[in-house]
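The values are calculated or read from the model by the stated rules, or taken from the named source; none is laboratory data. If you're wondering where the values come from, they're calculated on a predicted model, not measured in any experiment. Please note: Cβ atoms are built from the backbone with ideal geometry, for glycine as well, and neighbour counts cover all protein chains shown.
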Amino acid sequence: MKNKKILVTNETKVSGLVQADLDVACGKKAVKLTHERFIQLKEAAKETSEHFERVCLNLVDKDKALFVRDLRCSKGHSWRAVAQSCYDNWNGDWYPSSNQLMGMAICERAAFLLGEDCWKEPWN
């Protein structure tokens, strides 16, 4: 059987797993995500998002915004797919090339330049 990633939470309504299931599914290698570690990851994501937002100030112009709007609103690209398409078309240098946070920042900047809200239709 292929390695399968499994979402595990303490919320049984979400995961439906108990410790015995964890031991079998993870081969007793399950890593518990503590509250402290979750906060660290949240802060790292916030810093990364803020960095990408700053990058997009100079990266996305009105022409690129129209390209992004087409990707997101007409073609239904996910944030990851937007990031990847922009990376490919604009010789991007972010990593990974399909970074979801970068895709969000690109869409946010593009919508702003077009006088729209990336959190409302047709963007989201």
Say we look at the stretch 35-58 and pick out the residues that are farther than 15 Å from A83 by Cα and of a type in the set (G, A, S); which of these is nearest to the chain's Cα centre (by Cα)? A45
Can you tell me which of (1) assigned to a helix (DSSP H, G or I); (2) modelled with pLDDT of 95 or more is the one E116 doesn't meet? (1)
What pairs come out if I take residues in the stretch 27-55 that are surrounded by 11 or more Cβ atoms within 10 Å (Cβ to Cβ) and pair them with residues that are part of a helix (DSSP H, G or I) and at pLDDT below 80 whose C-beta lies under 8 Å away, six or more apart or interchain? A30/L22; A30/D23
Of all residues in the stretch 66-124, how many are of a type outside the set (A, V, I, L, M, F, W, C) and closer than 17 Å to V55 by Cα? 18
Please determine whether any residue of the stretch 33-50 is basic (K, R) and at pLDDT 90 or above. yes
